[in-house]
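*Asks:* Let me begin by handing over the structure; questions about it come next.
The values are calculated or read from the model by the stated rules, or taken from the named source; none is laboratory data. Quantities reported herein were computed from a predicted structural model and do not represent experimental measurements. Quick reminder, even Gly has a Cβ in these numbers, built from the backbone with ideal geometry, and neighbours come from all protein chains shown.
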């Protein structure tokens with residue numbers, strides 16, 4: 001299927017709404033944890049996100065996953081939230097990851113598997129999903145000589161054409177994937193979700209951000225707080241709950257963790273503590289501000305960087321969505337980038353200790 005000049009109204013509408021969003025909300029931490037957040041607490045946080053978005057004259061962006069917890073719990077949380085607050089649905093863009101075996105966490109990208117994943121997610125969440133993405137490309141079904149599993153996107157395009165979903169996002173892709181998929185399915189694409197934080201800056205150098213800029217695709221930046229390293233709450237492995245996947249990751253253990261904490265020490269000493277007392281901001285606000293600063297950098301003029309921090313409580317949402325505070329100066333941006341040129345993150349993104 002070759003991309004044409006085909007215009008898909010739902011995709012155009014979503015891209016226009018996304019272009020107004022400054023901060024999105026990642027809901028993974030509400031349910032994909034040893035003890036899920038109580039619905040009352042989670043719903044209060046979700047409602048606060050919508051309030052912030054409405055005040056900013058844009059829609060809220062909810063990033064959810066079919067496999068974020070047992071029995072599609074992440075999606076049923078969203079369903080139940082909108083049952084309690086039915087008038088808020090029209091003020092939210094929902095982006096859902098799926099096509100992943102919930103037991104083995106292996107990709108399920110075959111045509112029928114993707115159709116089933118969309119249908120099951122739509123049922124669990126109680127209706128229309130604005131954006132859908134296969135969580136990982138199923139490399140096991142890529143035909144010889146091809147770059148990506150085309151049948152996965154033929155299935156998603158069918159779901160868009162049938163009105164089950166509004167558009168397609170890409171997830172965990174490289175530059176080659178982005179350009180090849182855009183060539184074939186460009187009219188269906190809304191955005192690209194990849195990791196970006198002060199600890200994971202690879203997309204700025206490996207062609208991913210450049211491809212998104214060239215193709216005018218918005219970048220959804222997951223784990224913007226470095227899986228909690230930039231929250232300021234993790235100072236040792238003991239600060240991570242038992243059963244949390246981070247407890248076994250190299251970045252959060254021993255000498256590797258101590259190396260990584262040098263970055264947070266730098267941010268506190270050279271950015272936060274050197275500000276006048278009245279303009280002090282928190283470590284997460286510096287981290288989110290750094291991502292947003294790329295929106296004003298001429299290197300990537302055709303894209304927009306939207307961080308999607310989580311936050312299972314209202315106080316964390318208030319910290320992450322305070323747009324007046326979540327920003328850094330050009331001098332601070334340059335100072336941080338200079339430090340990052342020499343700093344080396346210890347432990348790959350999913351490397352086990």
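*Asks:* Which of the residues that make up the range 300-313 are touching a helix residue (DSSP H, G or I) at 6+ places or on another chain (Cβ under 8 Å) and at pLDDT 95 or above?
*Replies:* Once the filter is applied, which keeps residues that are touching a helix residue (DSSP H, G or I) at 6+ places or on another chain (Cβ under 8 Å) and at pLDDT 95 or above, the range 300-313 yields 300, 301, 302, 303, 304, 305, 306, 307, 309.
*Asks:* When you go through 86, 70 one by one, which is the residue that is over 22 Å from residue 11 (Cα atoms), in contact (Cβ under 8 Å) with a residue 12 or more places away in the chain and surrounded by fewer than 16 Cβ atoms within 10 Å (Cβ to Cβ)?
*Replies:* On the way: 86 fails: in contact (Cβ under 8 Å) with a residue 12 or more places away in the chain.
One residue alone meets the criteria, 70.
*Asks:* A further question follows. Report yes if residue 214 is over 14 Å from the mean Cα position of the chain (by Cα), farther than 24 Å from residue 264 by Cβ and either without any contact (Cβ under 8 Å) to a residue 24 or more places away in the chain or assigned to a loop (DSSP other than H, G, I, E, B) (or both), otherwise no. Even if it seems obvious, please write down each step before you answer.
*Replies:* Working: over 14 Å from the mean Cα position of the chain (by Cα): yes; farther than 24 Å from residue 264 by Cβ: yes; either without any contact (Cβ under 8 Å) to a residue 24 or more places away in the chain or assigned to a loop (DSSP other than H, G, I, E, B) (or both): no.
Answer is no for this residue.
*Asks:* Given the options 126, 98, 109, name the one that is touching a residue at least 24 places away in the same chain (Cβ under 8 Å), surrounded by 20 or more Cβ atoms within 10 Å (Cβ to Cβ) and over 15 Å from the mean Cα position of the chain (by Cα). Let's see the steps before the verdict.
*Replies:* On the way: 126 fails: surrounded by 20 or more Cβ atoms within 10 Å (Cβ to Cβ); 98 fails: over 15 Å from the mean Cα position of the chain (by Cα).
It is 109.
*Asks:* Filter the range 28-49 down to the residues that are surrounded by fewer than 20 Cβ atoms within 10 Å (Cβ to Cβ) and in contact with a strand residue (DSSP E or B) (Cβ under 9 Å, 6 or more places away or on another chain), then identify the one that is farthest from residue 323 (Cα to Cα).
*Replies:* So, considering only residues that are surrounded by fewer than 20 Cβ atoms within 10 Å (Cβ to Cβ) and in contact with a strand residue (DSSP E or B) (Cβ under 9 Å, 6 or more places away or on another chain), the one farthest from residue 323 (Cα to Cα) is 32.
*Asks:* For the range 284-308, what are the residues that are surrounded by fewer than 18 Cβ atoms within 10 Å (Cβ to Cβ) and farther than 16 Å from residue 201 by Cα?
*Replies:* 296, 298, 301, 302
*Asks:* Now, a different point. Could you say whether any residue in the range 145-160 is in a loop (DSSP other than H, G, I, E, B), closer than 14 Å to residue 97 by Cα and in contact (Cβ under 8 Å) with a residue 12 or more places away in the chain?
*Replies:* Initial filter on the range 145-160 (in a loop (DSSP other than H, G, I, E, B)): 145-149.
With closer than 14 Å to residue 97 by Cα added as a condition, the list becomes none.
No, the range 145-160 has no match at all.
*Asks:* With the condition kept exactly as written, say whether any residue in the range 13-24 is closer than 20 Å to residue 96 by Cβ and touching a helix residue (DSSP H, G or I) at 6+ places or on another chain (Cβ under 6 Å).
*Replies:* The answer is no; no qualifying residue exists.
To keep it simple, each residue is scored yes or no on (1) at pLDDT 95 or above; (2) surrounded by fewer than 20 Cβ atoms within 10 Å (Cβ to Cβ).
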{"site": "221", "(1), (2)": "yes, no"}
{"site": "242", "(1), (2)": "no, yes"}
{"site": "251", "(1), (2)": "no, no"}
{"site": "260", "(1), (2)": "no, no"}
{"site": "265", "(1), (2)": "no, yes"}
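*Asks:* Give the number of residues within the range 50-93 that are modelled with pLDDT under 95, outside any helix (DSSP H, G or I) and under 18 Å from residue 33 (Cα atoms).
*Replies:* 3
*Asks:* Could you run through the range 94-128 and say how many residues are under 30 Å from residue 58 (Cα atoms), out of contact with any helix residue (DSSP H, G or I) (no Cβ under 6 Å at 6 or more places or on another chain) and either modelled with pLDDT under 95 or assigned to a strand (DSSP E or B) (or both)?
*Replies:* Residues that pass the stated criteria total 3.
*Asks:* Taking the range 130-140 only, how many residues are surrounded by fewer than 24 Cβ atoms within 10 Å (Cβ to Cβ) and in contact with a helix residue (DSSP H, G or I) (Cβ under 7 Å, 6 or more places away or on another chain)?
*Replies:* Of all residues in the range 130-140, those surrounded by fewer than 24 Cβ atoms within 10 Å (Cβ to Cβ) come to 130, 135-140.
Those still in the list that are in contact with a helix residue (DSSP H, G or I) (Cβ under 7 Å, 6 or more places away or on another chain) too: 130, 137-138.
Of the residues in that region, 3 qualify.
*Asks:* Residue 20: within 26 Å of residue 324 (Cα to Cα), without any contact (Cβ under 8 Å) to a residue 60 or more places away in the chain and in contact with a strand residue (DSSP E or B) (Cβ under 9 Å, 6 or more places away or on another chain), yes or no? Break it down stepwise before answering.
*Replies:* Values: within 26 Å of residue 324 (Cα to Cα): yes; without any contact (Cβ under 8 Å) to a residue 60 or more places away in the chain: yes; in contact with a strand residue (DSSP E or B) (Cβ under 9 Å, 6 or more places away or on another chain): no.
Taking the combined requirement at face value, the residue does not satisfy it.
*Asks:* Kindly indicate whether any position in the range 172-189 is modelled with pLDDT of 95 or more, outside any helix (DSSP H, G or I), in contact with a strand residue (DSSP E or B) (Cβ under 6 Å, 6 or more places away or on another chain) and buried (at least 20 other Cβ atoms within 10 Å of the Cβ).
*Replies:* yes
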